[in-house]
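J.: Before I ask anything, let me first share the structure, which is written out below as C-alpha coordinates.
The values are calculated or read from the model by the stated rules, or taken from the named source; none is laboratory data. This one's a predicted model, so the numbers in the text were calculated from it and none came from an experiment. All accessible areas refer to the heavy atoms of the entire protein, side chains included, with ligands and DNA or RNA removed. Shrake-Rupley method; radii C 1.70, N 1.55, O 1.52, S 1.80 Å.
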Amino acid sequence: MLSDIQIARQANLKPITEIARDLGLSNDDIEQYGKYKAKIEPKLTKSNSKLILVTATNPTPYGEGKTTTSIGLADALKLAGKNVCLALREPSLGPVFGIKGGAAGGGYSQIAPMEDLNLHFTGDFHAITSANNLISAIIDNSLYQDNPLDMQEILWKRCMDMNDRALRNITIGQGSKFDGIERKDGFNITAASEIMAILCLATDLSDLKQRIANITVALNSKKEPVYVRDLKCEDAVTILLKDAIKPNLFQTLQNTPCLVHGGPFANIAHGCNSIIATKTALNLADYVVTEAGFGSELGAEKFIDIKCRVADVNPDAVVLVSTIRSIKYNGGADKESITKPNEQALKSGIANLGGHIRNLKEQFKLNVVVALNKFSFDTDDEIAYVRWYCDSLGVKVAVCENFAKGGAGASELATHILDELNNPVKPNFTYEMSDDIKTKIEKIATKIYAAGEVVFEDSALKMLNEIKSQALDTLPVCIAKTQYSFSDDAKLLGRPEGFKFVVKDLEIRTGAGFIVAICGKIMLMPGLSPIPGALNMSIDTQTGIISGLA
(Lines give C-alpha, C1' and ligand atoms only; values in the text may rest on other atoms or scores of the structure.)
Protein backbone atom coordinates (compact mmCIF):
# COMPACT_ATOMS: atom_id res chain seq x y z
CA MET A 1 0.00 0.00 0.00
CA LEU A 2 1.17 3.53 -0.74
CA SER A 3 2.32 5.79 2.10
CA ASP A 4 -0.05 8.42 3.48
CA ILE A 5 1.71 11.25 1.70
CA GLN A 6 1.71 9.35 -1.61
CA ILE A 7 -2.02 8.67 -1.30
CA ALA A 8 -2.70 12.31 -0.45
CA ARG A 9 -0.76 13.54 -3.48
CA GLN A 10 -2.84 11.34 -5.80
CA ALA A 11 -6.16 12.64 -4.50
CA ASN A 12 -8.49 14.60 -6.74
CA LEU A 13 -8.95 17.63 -4.50
CA LYS A 14 -11.46 20.33 -5.33
CA PRO A 15 -10.72 24.06 -5.11
CA ILE A 16 -11.72 25.27 -1.67
CA THR A 17 -14.32 27.54 -3.27
CA GLU A 18 -16.24 24.41 -4.38
CA ILE A 19 -16.04 22.88 -0.90
CA ALA A 20 -17.39 26.16 0.48
CA ARG A 21 -20.31 26.05 -1.97
CA ASP A 22 -21.17 22.54 -0.71
CA LEU A 23 -21.74 24.19 2.70
CA GLY A 24 -23.79 27.01 1.25
CA LEU A 25 -20.96 29.55 1.44
CA SER A 26 -20.21 32.05 -1.30
CA ASN A 27 -16.79 33.37 -2.32
CA ASP A 28 -17.53 36.44 -0.19
CA ASP A 29 -17.83 34.20 2.91
CA ILE A 30 -14.28 32.87 2.69
CA GLU A 31 -10.72 34.21 2.78
CA GLN A 32 -8.53 31.94 0.65
CA TYR A 33 -5.09 30.78 1.78
CA GLY A 34 -4.01 29.33 -1.54
CA LYS A 35 -6.10 26.94 -3.63
CA TYR A 36 -7.09 24.37 -1.00
CA LYS A 37 -7.61 26.15 2.31
CA ALA A 38 -9.49 29.16 3.57
CA LYS A 39 -10.65 31.06 6.63
CA ILE A 40 -14.40 31.50 7.04
CA GLU A 41 -16.49 33.86 9.12
CA PRO A 42 -17.98 32.14 12.19
CA LYS A 43 -21.70 31.31 12.03
CA LEU A 44 -22.99 30.55 15.51
CA THR A 45 -26.78 30.58 15.32
CA LYS A 46 -28.65 27.76 17.06
CA SER A 47 -29.17 24.63 14.99
CA ASN A 48 -30.89 21.25 15.21
CA SER A 49 -28.00 19.39 13.59
CA LYS A 50 -26.63 16.15 15.01
CA LEU A 51 -23.25 16.17 16.76
CA ILE A 52 -21.21 12.96 16.74
CA LEU A 53 -18.23 12.76 19.12
CA VAL A 54 -15.34 10.41 18.29
CA THR A 55 -13.18 9.30 21.22
CA ALA A 56 -11.01 6.27 21.94
CA THR A 57 -9.64 3.78 24.41
CA ASN A 58 -6.27 4.63 25.99
CA PRO A 59 -3.68 5.15 23.24
CA THR A 60 -0.73 2.82 22.75
CA PRO A 61 2.64 3.33 21.01
CA TYR A 62 1.07 1.84 17.88
CA GLY A 63 -1.81 4.28 17.38
CA GLU A 64 -5.52 3.45 17.24
CA GLY A 65 -6.60 5.71 14.36
CA LYS A 66 -9.10 8.05 16.01
CA THR A 67 -8.73 10.88 13.49
CA THR A 68 -8.70 8.33 10.65
CA THR A 69 -12.01 7.00 11.98
CA SER A 70 -13.50 10.49 12.28
CA ILE A 71 -12.65 11.19 8.65
CA GLY A 72 -13.83 7.77 7.47
CA LEU A 73 -17.16 8.20 9.27
CA ALA A 74 -17.72 11.63 7.74
CA ASP A 75 -16.93 10.28 4.26
CA ALA A 76 -19.26 7.32 4.87
CA LEU A 77 -22.10 9.63 5.91
CA LYS A 78 -21.52 11.67 2.77
CA LEU A 79 -21.66 8.49 0.67
CA ALA A 80 -24.99 7.76 2.38
CA GLY A 81 -26.30 11.07 1.05
CA LYS A 82 -26.02 13.05 4.27
CA ASN A 83 -25.04 16.72 4.52
CA VAL A 84 -21.97 16.37 6.75
CA CYS A 85 -19.03 18.42 7.98
CA LEU A 86 -16.02 17.49 10.12
CA ALA A 87 -14.73 19.65 12.97
CA LEU A 88 -11.18 18.71 13.95
CA ARG A 89 -8.09 20.08 15.71
CA GLU A 90 -4.98 21.46 14.04
CA PRO A 91 -1.67 19.59 14.37
CA SER A 92 1.18 20.81 16.54
CA LEU A 93 4.70 20.82 15.11
CA GLY A 94 5.86 19.12 18.33
CA PRO A 95 4.37 15.68 17.50
CA VAL A 96 4.95 16.19 13.75
CA PHE A 97 8.72 16.34 14.29
CA GLY A 98 8.61 14.14 17.40
CA ILE A 99 7.26 10.62 17.76
CA LYS A 100 3.55 10.82 16.95
CA GLY A 101 3.62 12.29 13.45
CA GLY A 102 1.02 14.49 11.82
CA ALA A 103 -2.70 14.73 12.46
CA ALA A 104 -4.26 14.43 9.03
CA GLY A 105 -5.67 10.91 9.40
CA GLY A 106 -4.18 8.06 7.39
CA GLY A 107 -4.45 5.88 4.31
CA TYR A 108 -7.57 6.75 2.30
CA SER A 109 -9.13 8.60 5.23
CA GLN A 110 -7.17 11.84 5.31
CA ILE A 111 -7.73 15.55 5.16
CA ALA A 112 -5.55 17.24 2.59
CA PRO A 113 -3.20 18.66 1.43
CA MET A 114 -1.52 16.97 4.40
CA GLU A 115 1.74 18.90 4.03
CA ASP A 116 -0.16 22.18 4.33
CA LEU A 117 -2.04 20.99 7.40
CA ASN A 118 0.98 19.61 9.26
CA LEU A 119 3.40 22.44 8.41
CA HIS A 120 2.24 25.90 9.54
CA PHE A 121 -1.28 25.58 7.97
CA THR A 122 -2.84 29.08 8.12
CA GLY A 123 -0.53 30.32 10.89
CA ASP A 124 -2.91 29.93 13.85
CA PHE A 125 -0.30 28.26 16.07
CA HIS A 126 2.22 30.98 15.27
CA ALA A 127 -0.34 33.64 16.19
CA ILE A 128 -1.06 31.90 19.49
CA THR A 129 2.66 31.56 20.24
CA SER A 130 3.24 35.25 19.48
CA ALA A 131 0.26 36.33 21.59
CA ASN A 132 1.47 34.23 24.52
CA ASN A 133 5.00 35.60 24.28
CA LEU A 134 3.84 39.19 23.88
CA ILE A 135 2.37 38.88 27.38
CA SER A 136 5.72 37.54 28.62
CA ALA A 137 7.57 40.44 27.01
CA ILE A 138 5.19 42.97 28.61
CA ILE A 139 5.62 41.29 32.02
CA ASP A 140 9.42 41.44 31.86
CA ASN A 141 9.40 44.99 30.58
CA SER A 142 7.16 46.00 33.49
CA LEU A 143 9.61 44.37 35.90
CA TYR A 144 12.47 46.24 34.24
CA GLN A 145 10.56 49.54 34.39
CA ASP A 146 10.58 49.58 38.23
CA ASN A 147 7.77 46.99 38.60
CA PRO A 148 4.82 49.38 39.11
CA LEU A 149 2.41 46.44 39.59
CA ASP A 150 4.54 45.00 42.42
CA MET A 151 4.73 41.59 40.69
CA GLN A 152 6.62 39.21 43.01
CA GLU A 153 5.66 35.72 41.75
CA ILE A 154 5.38 35.35 37.98
CA LEU A 155 2.95 32.58 37.00
CA TRP A 156 2.97 33.11 33.22
CA LYS A 157 5.35 31.07 31.04
CA ARG A 158 6.59 31.51 27.52
CA CYS A 159 5.68 28.93 24.85
CA MET A 160 6.78 27.51 21.53
CA ASP A 161 5.32 24.95 19.15
CA MET A 162 8.08 22.37 19.43
CA ASN A 163 9.13 19.57 21.76
CA ASP A 164 12.16 20.93 23.65
CA ARG A 165 12.80 19.66 27.18
CA ALA A 166 15.77 22.01 27.63
CA LEU A 167 13.32 24.94 27.82
CA ARG A 168 11.21 23.59 30.69
CA ASN A 169 13.27 25.48 33.26
CA ILE A 170 15.48 28.40 32.22
CA THR A 171 16.95 31.62 33.58
CA ILE A 172 16.28 34.84 31.69
CA GLY A 173 17.59 38.39 32.01
CA GLN A 174 21.23 37.38 32.39
CA GLY A 175 23.87 39.88 31.31
CA SER A 176 24.14 43.57 32.06
CA LYS A 177 21.58 45.76 33.82
CA PHE A 178 20.23 46.67 30.36
CA ASP A 179 19.32 43.05 29.62
CA GLY A 180 16.31 42.80 31.90
CA ILE A 181 15.66 41.47 35.38
CA GLU A 182 17.19 38.07 35.99
CA ARG A 183 14.65 35.46 37.05
CA LYS A 184 13.67 31.84 36.54
CA ASP A 185 11.24 31.13 33.71
CA GLY A 186 10.21 28.26 31.46
CA PHE A 187 8.36 27.26 28.30
CA ASN A 188 5.20 25.25 27.72
CA ILE A 189 4.39 23.80 24.32
CA THR A 190 1.95 26.04 22.43
CA ALA A 191 -0.81 23.41 22.62
CA ALA A 192 -0.69 23.76 26.43
CA SER A 193 -0.75 27.56 26.43
CA GLU A 194 -3.71 29.22 28.10
CA ILE A 195 -4.05 31.29 24.93
CA MET A 196 -4.75 28.07 23.01
CA ALA A 197 -7.46 27.11 25.50
CA ILE A 198 -8.93 30.61 25.34
CA LEU A 199 -9.06 30.60 21.53
CA CYS A 200 -10.86 27.25 21.61
CA LEU A 201 -13.36 28.28 24.29
CA ALA A 202 -14.09 31.85 23.10
CA THR A 203 -17.41 32.49 21.37
CA ASP A 204 -16.43 35.67 19.50
CA LEU A 205 -13.74 38.37 19.34
CA SER A 206 -15.25 40.28 22.27
CA ASP A 207 -15.30 37.16 24.45
CA LEU A 208 -11.72 36.40 23.35
CA LYS A 209 -10.55 39.85 24.48
CA GLN A 210 -12.37 39.55 27.80
CA ARG A 211 -10.84 36.15 28.50
CA ILE A 212 -7.36 37.45 27.65
CA ALA A 213 -7.88 40.40 30.00
CA ASN A 214 -8.82 37.95 32.78
CA ILE A 215 -5.61 35.89 32.58
CA THR A 216 -3.76 35.72 35.90
CA VAL A 217 -0.07 36.35 35.18
CA ALA A 218 1.45 36.99 38.63
CA LEU A 219 0.93 37.56 42.33
CA ASN A 220 1.96 40.76 44.08
CA SER A 221 3.59 41.08 47.51
CA LYS A 222 0.15 40.79 49.16
CA LYS A 223 -0.47 37.51 47.24
CA GLU A 224 -3.14 39.27 45.19
CA PRO A 225 -3.53 38.28 41.50
CA VAL A 226 -2.20 40.50 38.73
CA TYR A 227 -4.12 40.18 35.46
CA VAL A 228 -3.38 40.92 31.83
CA ARG A 229 -5.82 43.82 32.10
CA ASP A 230 -3.47 45.32 34.70
CA LEU A 231 -0.69 45.16 32.11
CA LYS A 232 -3.06 46.97 29.68
CA CYS A 233 -2.06 44.78 26.72
CA GLU A 234 -5.28 42.81 26.14
CA ASP A 235 -6.05 44.73 22.95
CA ALA A 236 -2.57 44.13 21.52
CA VAL A 237 -2.79 40.41 22.30
CA THR A 238 -6.26 40.20 20.75
CA ILE A 239 -5.00 41.96 17.62
CA LEU A 240 -2.51 39.12 17.09
CA LEU A 241 -5.42 36.66 17.19
CA LYS A 242 -8.00 38.52 15.08
CA ASP A 243 -7.51 36.16 12.12
CA ALA A 244 -6.65 33.05 14.13
CA ILE A 245 -10.11 33.11 15.73
CA LYS A 246 -11.70 32.33 12.35
CA PRO A 247 -12.17 28.61 11.54
CA ASN A 248 -10.18 27.03 8.70
CA LEU A 249 -12.01 25.26 5.86
CA PHE A 250 -10.34 22.12 4.48
CA GLN A 251 -11.46 18.86 2.83
CA THR A 252 -11.03 15.09 2.98
CA LEU A 253 -9.62 13.01 0.13
CA GLN A 254 -13.27 12.37 -0.80
CA ASN A 255 -14.04 16.10 -0.74
CA THR A 256 -16.05 16.13 2.48
CA PRO A 257 -15.87 19.60 4.11
CA CYS A 258 -13.83 19.92 7.28
CA LEU A 259 -13.37 22.82 9.71
CA VAL A 260 -9.94 22.54 11.34
CA HIS A 261 -9.39 24.95 14.21
CA GLY A 262 -7.37 25.01 17.43
CA GLY A 263 -5.25 22.23 18.83
CA PRO A 264 -4.99 21.80 22.62
CA PHE A 265 -3.63 18.42 23.74
CA ALA A 266 -5.95 16.39 25.96
CA ASN A 267 -3.28 15.11 28.37
CA ILE A 268 -2.09 18.61 29.33
CA ALA A 269 -5.01 20.78 28.17
CA HIS A 270 -8.72 20.29 27.35
CA GLY A 271 -8.21 18.46 24.06
CA CYS A 272 -11.04 19.81 21.88
CA ASN A 273 -11.19 21.91 18.73
CA SER A 274 -12.72 25.37 18.99
CA ILE A 275 -16.29 26.04 20.04
CA ILE A 276 -16.50 28.47 17.12
CA ALA A 277 -15.60 25.76 14.59
CA THR A 278 -17.94 23.16 16.11
CA LYS A 279 -20.92 25.51 16.27
CA THR A 280 -20.20 26.89 12.79
CA ALA A 281 -20.14 23.33 11.43
CA LEU A 282 -23.46 22.63 13.18
CA ASN A 283 -24.86 25.74 11.50
CA LEU A 284 -23.66 24.65 8.04
CA ALA A 285 -24.36 20.89 7.98
CA ASP A 286 -26.97 18.42 9.24
CA TYR A 287 -24.38 16.05 10.70
CA VAL A 288 -21.13 17.09 12.37
CA VAL A 289 -18.33 14.67 13.28
CA THR A 290 -15.86 15.96 15.86
CA GLU A 291 -13.32 14.37 18.19
CA ALA A 292 -11.72 14.75 21.59
CA GLY A 293 -8.07 13.95 22.24
CA PHE A 294 -6.58 10.71 23.55
CA GLY A 295 -8.77 8.29 25.55
CA SER A 296 -12.33 8.95 26.65
CA GLU A 297 -11.32 9.36 30.31
CA LEU A 298 -9.38 12.47 29.25
CA GLY A 299 -10.76 13.94 26.02
CA ALA A 300 -14.40 12.90 26.25
CA GLU A 301 -14.60 13.87 29.94
CA LYS A 302 -13.28 17.36 29.17
CA PHE A 303 -15.49 17.63 26.07
CA ILE A 304 -18.56 16.98 28.22
CA ASP A 305 -17.63 18.65 31.51
CA ILE A 306 -15.95 21.73 30.01
CA LYS A 307 -16.78 22.27 26.33
CA CYS A 308 -20.43 21.19 26.38
CA ARG A 309 -21.13 23.47 29.33
CA VAL A 310 -19.47 26.52 27.77
CA ALA A 311 -20.79 25.95 24.24
CA ASP A 312 -24.26 24.70 25.19
CA VAL A 313 -23.94 21.72 22.84
CA ASN A 314 -24.47 18.00 23.41
CA PRO A 315 -23.12 14.95 21.56
CA ASP A 316 -26.02 12.97 20.13
CA ALA A 317 -23.87 9.84 19.77
CA VAL A 318 -20.32 8.74 20.56
CA VAL A 319 -17.90 6.59 18.59
CA LEU A 320 -15.37 4.74 20.75
CA VAL A 321 -12.34 3.79 18.65
CA SER A 322 -10.23 0.74 19.51
CA THR A 323 -8.15 -2.01 17.90
CA ILE A 324 -7.45 -5.67 18.59
CA ARG A 325 -3.82 -4.67 18.95
CA SER A 326 -4.50 -2.07 21.64
CA ILE A 327 -6.70 -4.51 23.58
CA LYS A 328 -3.91 -7.09 23.59
CA TYR A 329 -1.38 -4.40 24.57
CA ASN A 330 -3.53 -3.58 27.59
CA GLY A 331 -3.57 -7.31 28.36
CA GLY A 332 0.22 -7.52 28.55
CA ALA A 333 1.20 -8.53 24.99
CA ASP A 334 4.71 -7.42 24.09
CA LYS A 335 5.99 -5.85 20.86
CA GLU A 336 7.03 -9.19 19.39
CA SER A 337 3.67 -10.90 19.92
CA ILE A 338 1.26 -7.97 19.55
CA THR A 339 0.25 -8.91 15.98
CA LYS A 340 -0.09 -12.64 16.70
CA PRO A 341 -3.16 -14.41 18.10
CA ASN A 342 -3.03 -14.19 21.90
CA GLU A 343 -6.27 -15.24 23.56
CA GLN A 344 -5.02 -14.60 27.09
CA ALA A 345 -3.90 -11.01 26.33
CA LEU A 346 -7.14 -10.30 24.45
CA LYS A 347 -9.34 -11.50 27.31
CA SER A 348 -7.24 -9.70 29.89
CA GLY A 349 -7.00 -6.42 27.96
CA ILE A 350 -10.68 -6.24 27.01
CA ALA A 351 -11.31 -4.69 30.45
CA ASN A 352 -9.76 -1.46 29.15
CA LEU A 353 -12.38 -1.28 26.41
CA GLY A 354 -15.07 -2.18 28.93
CA GLY A 355 -14.01 0.63 31.25
CA HIS A 356 -14.41 3.21 28.50
CA ILE A 357 -17.76 1.76 27.41
CA ARG A 358 -19.16 1.82 30.94
CA ASN A 359 -18.03 5.40 31.51
CA LEU A 360 -19.67 6.61 28.31
CA LYS A 361 -22.88 4.61 28.80
CA GLU A 362 -23.37 4.56 32.56
CA GLN A 363 -21.60 7.71 33.78
CA PHE A 364 -22.18 10.06 30.86
CA LYS A 365 -25.46 8.38 29.68
CA LEU A 366 -24.51 8.57 25.98
CA ASN A 367 -25.30 6.50 22.90
CA VAL A 368 -22.13 4.53 22.08
CA VAL A 369 -20.86 2.57 19.06
CA VAL A 370 -17.46 0.85 19.13
CA ALA A 371 -15.38 1.35 15.98
CA LEU A 372 -12.89 -1.50 15.69
CA ASN A 373 -10.17 -0.51 13.25
CA LYS A 374 -9.20 -3.68 11.39
CA PHE A 375 -5.65 -4.68 10.51
CA SER A 376 -4.59 -7.51 8.19
CA PHE A 377 -3.29 -9.58 11.13
CA ASP A 378 -6.60 -9.47 13.07
CA THR A 379 -8.32 -12.85 13.06
CA ASP A 380 -12.04 -13.57 12.67
CA ASP A 381 -12.08 -15.23 16.11
CA GLU A 382 -10.56 -12.12 17.75
CA ILE A 383 -13.11 -9.83 16.10
CA ALA A 384 -15.94 -12.19 17.05
CA TYR A 385 -14.81 -12.08 20.69
CA VAL A 386 -14.85 -8.28 20.75
CA ARG A 387 -18.33 -8.29 19.17
CA TRP A 388 -19.55 -10.75 21.81
CA TYR A 389 -18.05 -8.73 24.65
CA CYS A 390 -19.54 -5.43 23.46
CA ASP A 391 -22.90 -7.08 22.85
CA SER A 392 -22.87 -8.23 26.48
CA LEU A 393 -22.59 -4.53 27.43
CA GLY A 394 -25.38 -3.51 25.05
CA VAL A 395 -23.09 -1.80 22.52
CA LYS A 396 -22.81 -2.37 18.77
CA VAL A 397 -19.45 -2.88 17.06
CA ALA A 398 -18.54 -1.68 13.58
CA VAL A 399 -15.46 -3.17 11.94
CA CYS A 400 -13.78 -0.30 10.11
CA GLU A 401 -11.57 -0.64 7.03
CA ASN A 402 -11.66 2.97 5.89
CA PHE A 403 -7.86 3.28 6.14
CA ALA A 404 -7.68 1.01 3.07
CA LYS A 405 -11.09 1.69 1.51
CA GLY A 406 -12.01 5.28 2.38
CA GLY A 407 -15.57 6.13 3.35
CA ALA A 408 -16.90 2.81 1.97
CA GLY A 409 -14.87 1.04 4.64
CA ALA A 410 -16.80 2.84 7.41
CA SER A 411 -20.30 2.17 6.07
CA GLU A 412 -21.18 -0.20 8.93
CA LEU A 413 -20.13 2.47 11.43
CA ALA A 414 -22.25 5.10 9.66
CA THR A 415 -25.28 2.78 9.73
CA HIS A 416 -24.95 2.09 13.46
CA ILE A 417 -24.43 5.76 14.28
CA LEU A 418 -27.49 6.82 12.27
CA ASP A 419 -29.50 4.26 14.26
CA GLU A 420 -28.21 5.65 17.57
CA LEU A 421 -29.10 9.20 16.53
CA ASN A 422 -32.76 8.18 16.63
CA ASN A 423 -32.47 7.99 20.43
CA PRO A 424 -31.86 11.56 21.65
CA VAL A 425 -29.84 11.90 24.86
CA LYS A 426 -28.31 14.58 27.05
CA PRO A 427 -25.01 13.94 28.79
CA ASN A 428 -24.72 13.47 32.52
CA PHE A 429 -21.93 15.62 33.96
CA THR A 430 -19.28 14.19 36.29
CA TYR A 431 -19.62 16.95 38.87
CA GLU A 432 -21.77 19.92 39.75
CA MET A 433 -20.39 23.39 39.13
CA SER A 434 -21.28 24.21 42.75
CA ASP A 435 -18.79 21.55 43.97
CA ASP A 436 -15.49 22.94 45.20
CA ILE A 437 -12.33 22.17 43.20
CA LYS A 438 -11.17 19.40 45.54
CA THR A 439 -14.52 17.64 45.22
CA LYS A 440 -14.54 18.01 41.43
CA ILE A 441 -11.11 16.39 41.17
CA GLU A 442 -12.13 13.59 43.53
CA LYS A 443 -15.30 12.89 41.53
CA ILE A 444 -13.37 12.66 38.24
CA ALA A 445 -10.71 10.44 39.80
CA THR A 446 -13.16 8.06 41.51
CA LYS A 447 -16.06 8.01 39.05
CA ILE A 448 -14.13 8.09 35.74
CA TYR A 449 -10.67 6.72 36.60
CA ALA A 450 -11.84 4.30 39.38
CA ALA A 451 -9.25 5.57 41.87
CA GLY A 452 -9.61 4.39 45.45
CA GLU A 453 -7.89 7.37 47.06
CA VAL A 454 -7.03 10.91 45.92
CA VAL A 455 -3.94 12.45 47.52
CA PHE A 456 -3.14 16.16 47.30
CA GLU A 457 0.53 17.04 47.72
CA ASP A 458 1.55 20.17 49.64
CA SER A 459 1.74 22.38 46.53
CA ALA A 460 -1.76 21.31 45.53
CA LEU A 461 -3.14 21.88 49.04
CA LYS A 462 -1.62 25.36 49.06
CA MET A 463 -3.27 26.12 45.72
CA LEU A 464 -6.64 24.82 46.94
CA ASN A 465 -6.52 27.49 49.63
CA GLU A 466 -5.50 30.11 47.05
CA ILE A 467 -8.39 29.08 44.80
CA LYS A 468 -10.83 29.46 47.69
CA SER A 469 -9.44 32.86 48.62
CA GLN A 470 -9.97 34.06 45.04
CA ALA A 471 -13.53 32.60 44.95
CA LEU A 472 -12.65 30.37 41.98
CA ASP A 473 -14.16 27.13 43.26
CA THR A 474 -16.99 27.36 40.74
CA LEU A 475 -14.63 26.85 37.78
CA PRO A 476 -14.45 23.46 36.02
CA VAL A 477 -11.37 21.24 36.28
CA CYS A 478 -8.94 20.18 33.54
CA ILE A 479 -6.87 17.15 34.60
CA ALA A 480 -3.32 16.94 33.24
CA LYS A 481 -2.19 13.31 33.43
CA THR A 482 -0.76 10.48 31.36
CA GLN A 483 -2.86 9.43 28.38
CA TYR A 484 -1.71 5.80 28.53
CA SER A 485 -3.70 4.73 31.57
CA PHE A 486 -6.93 5.44 33.43
CA SER A 487 -4.62 6.23 36.35
CA ASP A 488 -1.79 8.75 36.79
CA ASP A 489 0.78 5.98 36.17
CA ALA A 490 1.47 5.17 32.50
CA LYS A 491 2.43 1.60 33.44
CA LEU A 492 -0.96 0.72 34.96
CA LEU A 493 -2.61 -0.71 31.85
CA GLY A 494 -5.97 -2.43 31.43
CA ARG A 495 -8.65 -1.22 33.83
CA PRO A 496 -6.90 -0.53 37.16
CA GLU A 497 -9.13 0.11 40.17
CA GLY A 498 -8.63 1.25 43.74
CA PHE A 499 -5.27 2.91 43.08
CA LYS A 500 -3.90 6.05 44.72
CA PHE A 501 -4.31 9.10 42.47
CA VAL A 502 -1.83 11.89 43.23
CA VAL A 503 -2.46 15.57 42.52
CA LYS A 504 0.93 17.26 42.50
CA ASP A 505 -0.09 20.86 41.85
CA LEU A 506 -2.87 23.12 40.57
CA GLU A 507 -2.69 25.98 38.09
CA ILE A 508 -5.24 28.80 37.90
CA ARG A 509 -6.40 29.61 34.37
CA THR A 510 -8.81 32.51 34.89
CA GLY A 511 -8.73 33.44 31.21
CA ALA A 512 -9.64 29.97 29.96
CA GLY A 513 -11.99 29.62 32.89
CA PHE A 514 -10.77 26.38 34.45
CA ILE A 515 -8.32 24.98 37.00
CA VAL A 516 -5.58 22.63 35.76
CA ALA A 517 -4.75 19.73 38.09
CA ILE A 518 -1.25 18.39 37.38
CA CYS A 519 -1.15 14.70 38.24
CA GLY A 520 1.60 12.11 38.03
CA LYS A 521 4.67 12.59 35.86
CA ILE A 522 3.18 14.96 33.29
CA MET A 523 5.14 17.66 31.50
CA LEU A 524 3.63 20.76 29.86
CA MET A 525 6.67 20.84 27.55
CA PRO A 526 7.32 17.42 25.96
CA GLY A 527 10.77 16.21 24.95
CA LEU A 528 12.01 14.43 21.84
CA SER A 529 12.64 10.68 21.57
CA PRO A 530 16.12 9.24 20.85
CA ILE A 531 15.28 9.18 17.13
CA PRO A 532 12.65 11.89 16.51
CA GLY A 533 10.59 11.93 13.33
CA ALA A 534 12.48 15.00 12.15
CA LEU A 535 15.54 12.81 11.48
CA ASN A 536 13.60 10.68 8.98
CA MET A 537 12.38 13.58 6.83
CA SER A 538 13.87 14.83 3.60
CA ILE A 539 13.10 17.37 0.89
CA ASP A 540 14.00 17.29 -2.79
CA THR A 541 15.54 20.72 -3.26
CA GLN A 542 14.77 20.67 -6.98
CA THR A 543 11.06 19.89 -6.75
CA GLY A 544 10.27 20.79 -3.12
CA ILE A 545 8.70 17.35 -2.60
CA ILE A 546 8.78 16.23 1.05
CA SER A 547 9.37 12.63 2.17
CA GLY A 548 9.01 11.07 5.61
CA LEU A 549 6.15 13.30 6.80
CA ALA A 550 3.84 10.73 8.40
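J.: For the chain, find the longest principal axis of its Cα atoms and tell me its angle to the long axis of helix 411-420, 0 to 90°, nearest 10.
T.: 70 degrees
J.: Along its three principal axes, how long is the chain when you only count alpha carbons? Whole Å, largest extent first please.
T.: 71, 55, 47
J.: In whole percent, and with a 1.4 Å probe on the protein chains, what portion of the accessible area of the chain is carbon and sulfur? Intermediate values should be presented prior to the final figure.
T.: Numbers: 10710 of 21600 Å².
Whole-percent figure for carbon plus sulfur exposure: 50.
J.: Next question, about the same structure. Can you give the % of DSSP beta bridges in the chain that are antiparallel, to the nearest 5?
T.: Of all bridge pairs located within the chain, approximately 45 percent are antiparallel.
J.: Calculate how many DSSP beta bridges within the range 123-260 are antiparallel, expressed in % of all such bridges and rounded to the nearest 5.
T.: Numbers: 13 of 16 bridges.
Here the share of antiparallel DSSP bridges comes out near 80 percent.
J.: Angle check, please: helix 380-392 long axis (alpha carbons) against the longest principal axis of the chain (alpha carbons), in degrees 0 to 90, nearest 10.
T.: Result, in degrees: 70.
J.: Let a ≥ b ≥ c be the square roots of the eigenvalues of the Cα gyration tensor of the range 455-508; is it rounded (a/c under 1.5), or, if not, prolate (a/b larger than b/c) or oblate? Intermediate results must be reported in sequence, preceding the final value.
T.: Numbers: a/c = 2.97, a/b = 2.26, b/c = 1.32.
The shape class here is prolate.
J.: Over the range 218-271, how many pairs of lysines fall under 29 Å by alpha carbon, counting only those 8 or more apart in sequence or from different chains?
T.: Working: Lys222/Lys232; Lys223/Lys232; Lys232/Lys242; Lys232/Lys246.
Number of lysine pairs found: 4.
J.: How about Lys328: which lysines have a C-alpha closer than 21 Å to its C-alpha, ignoring those fewer than 8 places off in the same chain?
T.: Excluding near neighbours in sequence, the set is Lys66, Lys100, Lys340, Lys347, Lys374, Lys396, Lys491.
J.: Under a 5 Å amide H to amide H cut-off, with H placed in plane at 1.01 Å, what residues pair with Val321 once short-range neighbours are removed?
T.: Thr55, Ala56, Thr57, Ala371
J.: Per residue of the range 183-190, in order, report the coupling 6.51 cos²θ - 1.76 cosθ + 1.60 (Karplus, θ = phi - 60°) as ³J(HN,Hα) in whole Hz, putting x for Gly and Pro.
T.: Running phi through 6.51 cos²θ - 1.76 cosθ + 1.60 with θ = phi - 60° gives 6, 7, 9, x, 10, 9, 6, 3 Hz.
J.: Give the lysines reachable from Lys14 as a straight Cα distance under 17 Å; neighbours fewer than 8 places away on the same chain don't count.
T.: Lys35, Lys37, Lys39, Lys78
J.: With the other protein chains left in place, how much accessible area per residue, in square angstrom, belongs to the chain at a 1.4 angstrom probe? Write out the running numbers ahead of the final one.
T.: On the way: 21600 Å² over 550 residues.
Here the per-residue accessible area is 39 Å².
J.: List the lysines whose Cα sits under 17 Å from the Cα of Lys184, skipping any in the same chain fewer than 8 residues away.
T.: Cα-Cα hits under 17 Å: Lys157.
J.: Using the Karplus equation 6.51 cos²θ - 1.76 cosθ + 1.60 (θ = phi - 60°), what ³J(HN,Hα) coupling, rounded to whole Hz, does each residue of the range 300-310 give in order, writing x for Gly and Pro?
T.: Once θ is set to phi - 60°, the couplings for the range 300-310 become 5, 4, 6, 4, 7, 7, 10, 5, 4, 5, 5 Hz.
J.: Let me ask another. Can you give me the angle between helix 66-79 and the longest principal axis of the chain, using Cα atoms only, in degrees from 0 to 90, rounded to the nearest 10?
T.: 50 degrees
J.: Just check the range 333-408 against the gyration tensor rule for me: Cα atoms, a ≥ b ≥ c as the square roots of the eigenvalues, rounded for a/c under 1.5, and otherwise prolate or oblate depending on whether a/b exceeds b/c.
T.: Working: a/c = 2.09, a/b = 1.25, b/c = 1.68.
It comes out oblate by the Cα gyration axes.
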